[in-house]
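Report on one structure; see the data block that follows.
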Amino acid sequence: MKKLFTILISCVLVSMANAQDGHFSQFYNAPLFYNPAGAGLNHNALRIGNNYRTQWNPIQPYATIDLYLDKRQGNWGIGGMWSKNGAGKASINTNNILLNVAHHIGLSETGQLSLGFQGGLYQRSANPNDLVFENQYNFESHEVVSESGENLSTTKTSLFDMNVGLAYTHSMHSMDLVLGAAGSHLFQGNESFFEGSTSTMPRKITLHGQLDIRLDSTMSLSPFLVFQRQGQAQTTNITLMFKRQMNEGKNIQAGIGSRLKDAYIFYVGMGLNQLNIGLSYDINSSTLTRGTGGYGAFEFSISFLIQQRTFKSPAKTGVVKDGQLFQSKPSVNPRMTDTDGDGVADESDHCPYEPGSAKNRGCPGKIDSDGDGLTDDVDLCPFMYGLPLQSGCPDTDGDGVADIDDECPTIYGAINLMGCPDSDRDGVSDKEDLCPTLFGLVQNHGCPDGRAVISSGPIGYYQYNNGLIAPNLNVPMQIYYPPVIPNPSMTQPGMAYPQWYPNMDQGSSYSRAYPLNTAQHDYSQSIVLDNFYVTFNKDSEELTYEARKQLRDYVVALGLNEEYKLLISGHTDADGSLDYNVDLGQRRADSVRNYLLQFGVGPDRVISISYGEQQPVSPNTTIDGMARNRRVEVMLIR
């Protein structure tokens, strides 16, 4: 009985061999196979991919193979494809070698139209010794007659083949739409093996649609639909794909689908940086299930992106997708143009047509923007030529403290004093030493006995033991008026927290002032567009390594759009007095502000204030709660 099924299927294959091309269940991983407009949709990267499918294993199996490559050059996509379809026991094979060109036209900041062409060789071959014709089978004895009597004038035909395709992509706030259509075998050449007969290659029509729905910043759900008709045969594929971004450059995929009246499809895949791998299995649901022993089809796909580092900003051409046929990622802000959808605005994206990451300036691979030998993902100062020992940051005064950490970046100083000098070597830096030329005690602010009073002589001079000491111009002598705190919950608009200032009349002690200045800043009409925070170590305003990385990534993604401003607020835990914590919060906010300024953000776009301990996000009764309260919040406002 199994032999009978095999022979019958072979007969069917002979009669239908010219009726239908091969297909892939993972059509979303075979872009050029289904639509020539897919060439170059992953932008400037060179993409190399392969799909392999085998089915109906108990019968001499079908095998469909696709090998392709493509690359984007400006608004053009170029590539090529080789595909092979082996028709099982009948030994009828087709080979297709095609060159591909596509043109991508930006219709708007969110829409793109792509038109593609393929042209090349189509070859069809057969082994007559393996062919089984209907007149060879004796249905009474169930035997195959040795001679078919068929006259095959050739076992191979070669034709010129041409395909065209059209695709439209449109990006919305939380989803992306893709619609496409393609026509194959436009010239309909004669592919017959028989002398004096004509067998016209049937044209094929492909229609496809896709909707990428971003559930959040790490997850997306994508329904796919593909319809194909060739001659009297047609097929419809429906797939639902789930994708989860695990961390930078890594993701997992899972999908379920159906080729209507033929098979149920299950898919898993993963992305590892520039590599994407997919595996699927078809469970046969057609009338061939009995003859195939229940075996379905295995399919494997792999693609790899070879990145090209580029810092040229080509003209904007609308939305361009990557990866699986057409895939996208959310923009950091819907008002910003983000052509490749990687979350980095075009004006700050060094690879605006290649989806990348913020820490790589929008490029998918590691780059070295300042050319100092450290790639941007590990360079704490990616735009400034620096030293490897200083994590890629410059050290202008050569004192071993990088400029970003050096509180006195142009003056040679001590490492333990944040790069500032200590002229009298008493452990108190000159800028904080009330007696910078006299060896003193740390607890006395650098003075021998803690007495440093305002002199009755010239203003700004200090008197110590009835002697006149040169002024320390680094110690502020005036009260600092902080900006108004834009806190809607405050019952007293315009209230500001106090700032410390040295009071020389009280020696080493300090007094405080509570200034009120409602004219400096007014944020009552501001709109908060985005916010995040970085944390600090206990009783410290020094930025941690992780905080620097987070701030760097954010400011690169933000770009140079001057329509937006950054409001930076410093916070502390409840350990310490109110006045001390207000001061500590301001120092933390200033640390963040100063760090952002070195990335080209204008000083007028960054405002720093302090809330001290007044706005905790967690109870100060636990260690973890206090750690979360030691933070600086950054708000993007307009």
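Every number in this text was worked out from the coordinates using simple rules, so none of it is lab data. As the structure is a computational prediction, the values presented were derived from the model and not from experiment. Every residue, glycine among them, receives a Cβ derived from its backbone with ideal geometry; neighbour counts consider all protein chains shown.
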Note to self: Strictly over 32 Å apart at the Cα level, which of 431/538; 71/565; 71/243 would you flag in this model?
What the structure shows: 71/565
Margin query: If I take R0 = 30 Å and measure r between the Cβ atoms of residue 54 and residue 264 in this structure, what FRET efficiency does the formula 1/(1 + (r/R0)^6) give, to the nearest 0.05?
Written below: 0.95
Next item on the list: Please work out the FRET efficiency for the pair residue 227 and residue 247, using the Cβ-Cβ distance as r and a Förster radius of 30 Å; give the result to the nearest 0.05.
Entry: 0.25
Margin query: In whole Hz and in residue order, list the ³J(HN,Hα) couplings for segment 371-379 that follow from phi through the Karplus curve 6.51 cos²θ - 1.76 cosθ + 1.60, θ = phi - 60°; x for Gly and Pro.
Written below: x, 9, x, 10, 5, 4, 6, 10, 8
Margin query: Please compute the length gained on full extension between residue 425 and residue 205, using 0.36 nm multiplied by the number of residues separating them and subtracting their Cα-Cα distance.
Written below: 70.8 nm
Notebook entry, point to check: So if we plug the beta-carbon distance of residue 604 and residue 103 into 1/(1 + (r/R0)^6) with R0 = 45 Å, what FRET efficiency do we get, rounded to 0.05?
Noted result: 0.55
Next item on the list: Starting from the amide H of residue 203, placed 1.01 Å from N in the peptide plane, find each other amide H under 5 Å away whose residue is 5 or more places distant or on another chain.
Entry: 231
Check: Taking the Cα-to-Cβ direction at residue 532 and at residue 218 and moving 7 Å from each Cα, how far apart do the two end points lie in nm?
Finding: 1.4 nm
Notebook entry, point to check: Between residue 402 and residues 5 or more places away or on another chain, which pairs have amide H atoms under 5 Å apart, with H built 1.01 Å from N, and which residues are they?
Noted result: none
Next item on the list: Name all residues of segment 229-265 having a backbone nitrogen under 19 Å from the label point set 7 Å from the Cα of residue 188 along its Cα→Cβ direction, giving them as ranges.
Entry: 229-234
